[in-house]
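The values are calculated or read from the model by the stated rules, or taken from the named source; none is laboratory data. Just so it is clear, the model here is predicted, and its values are computed rather than measured. With ideal geometry, Cβ positions are generated from the backbone for all residues, glycine too; neighbour counts draw on all protein chains shown.
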Amino acid sequence: MARKKIAMIGSGMIGGTLAHLAAMKELGDIVLFDIAEGVPQGKALDLAQAGPPEGFDAKLKGANSYEEIAGADVCIVTAGIPRKPGMSRDDLLKTNLNVMKAVGEGIAKHAPDAFVICITNPLDAMVWALREFSGLPHQKVVGMAGVLDSSRFRHFLAEEFDVSVEDVTAFVLGGHGDTMVPVVEYSTVAGIPIPDLIKMGWSTQERIDAIVQRTRSGGGEIVGLLKTGSAFYAPATSAIVMAESYLKDKKRLLPCAAHLTGQYGVDNLYVGVPIVIGANGVEKVVEIELNEGAAANFQTSVDAVKELVAACKGIDGSL
Ligand code: TXD
């Protein structure tokens, strides 16, 4: 069986980490693409030299031309500028929208059969725009945010309950950002829902509320600490989980920004919902029942995404 080809569009902090993880997991041969000259080539060479001690076989190549991504099975897009301290995700809109245009056209021309995972912020608007610019089928273009947001939630919950992260499942819906909706009722420790754990005295509503709040501003907390740039280890790992589910047809049920066509009462918008990712891309959008509070929060989140998409249309008349 020939090796798969994975293209990282953007070879910055997340792009480099993605390449490292993909190589370590032997998901395929890797192309690191960037507009910065030397950076993708340098990272590719450095990572290739990590192969012998680790024992992975993967070809790594750096590129400044889209021709090099030809025939990629998966493209993971991080191209753009990251959020700086004090900068909101929405400030990034204009610059990154232009980047999505170039990337969308490059993928359409050279890797039209790829499964595309967008990471660039503001995520829900960028993945929508990337899909529009690329013209790829909607089920082949998704955004990564929910896996990361739910990982943050799981981490905080595992710490709170002093149990393994493996046994904590968590659900986060909605847009990436301050309007994300962590669903406490669907979050569990080994199947025991959090509200039951509160009744059992494992935690209190106040402490869980604080964890929810910390999850919502999880990205900002890291930006504030790093001062130059944003989180990259957990975002890269989260996107690799999605890529792996596609490449291995694992059919994992993951919260991702997916194109909705009426589900949750939303039409033609990318919002974070549970989906099944398999060999066909998005194979199912899972519509779970939301309680009143979660439904209201979800709506706020949808409205925020709608606003961003409207702003994109205002900036680029072709959208
Ligand atoms: O959950 C999530 N979705 C996110 C999103 C979590 C964390 C960070 N998130 C966003 O990912 C962040 O706000 C950024 O928009 C992206 C990428 O973050 P990263 O930390 O990797 O940013 P870097 O290190 O600045 O890398 C971006 C690279 C950099 O090397 C630029 O030279 C390159 O993108 N770049 C381009 N590459 C190709 N084509 C174009 N046009 C281009 N413009 C910049």
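Residue-wise test of (1) without any contact (Cβ under 8 Å) to a residue 12 or more places away in the chain; (2) in the same structural domain as residue 226 (by the TED database); (3) in contact with a Lys or Arg (Cβ under 9 Å, 6 or more places away or on another chain).
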residue	(1), (2), (3)
30	no, no, yes
46	yes, no, no
55	yes, no, no
58	no, no, yes
74	no, no, yes
82	no, no, no
96	no, no, no
107	no, no, no
111	no, no, yes
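For the range 148-201, enumerate the residues that are assigned to a helix (DSSP H, G or I), surrounded by 24 or more Cβ atoms within 10 Å (Cβ to Cβ) and not charged (D, E, K, R). Selection gives 148, 150, 153, 157, 194.
Annotation: residue 35 fulfils all but one of (1) more than 23 Å from residue 256 (Cα to Cα); (2) more than 10 Å from the ligand (Cβ to nearest atom); the unmet one is (2).
Within the range 72-87, being out of contact with any helix residue (DSSP H, G or I) (no Cβ under 8 Å at 6 or more places or on another chain) and either within 11 Å of the ligand (Cβ to nearest atom) or at pLDDT 95 or above (or both) holds for one residue alone: 87.
Checking each residue in the range 23-51 for being basic (Lys, Arg) and touching a Gly at 6+ places or on another chain (Cβ under 6 Å) picks out only 43. For the range 5-18, which residues satisfy the criterion of being closer than 9 Å to residue 236 by Cβ and either more than 10 Å from the ligand (Cβ to nearest atom) or of a type outside the set (Gly, Ala, Ser) (or both)? The answer is 13, 14, 17, 18.
If you go through the range 26-38 and keep only what is surrounded by fewer than 18 Cβ atoms within 10 Å (Cβ to Cβ) and among the β-branched types (Val, Ile, Thr), you end up with just 35.
Can you find, within the range 134-147, the residue that is farthest from residue 216 (Cα to Cα) among those that are more than 12 Å from the ligand (Cβ to nearest atom) and assigned to a helix (DSSP H, G or I)?
Step one: of the range 134-147, the residues more than 12 Å from the ligand (Cβ to nearest atom) are 134-141.
If we keep only those that are assigned to a helix (DSSP H, G or I) too, we end up with 134, 138-140.
Working: 134: 30, 138: 27, 139: 27, 140: 27 Å.
If we take residues in the range 134-147 being more than 12 Å from the ligand (Cβ to nearest atom) and assigned to a helix (DSSP H, G or I), then 134 is farthest from residue 216 (Cα to Cα).
Evaluation of residue 116 against the conditions (1) touching a residue at least 60 places away in the same chain (Cβ under 8 Å); (2) more than 10 Å from the ligand (Cβ to nearest atom); (3) under 24 Å from residue 231 (Cβ atoms) shows that the sole unmet condition is (1).
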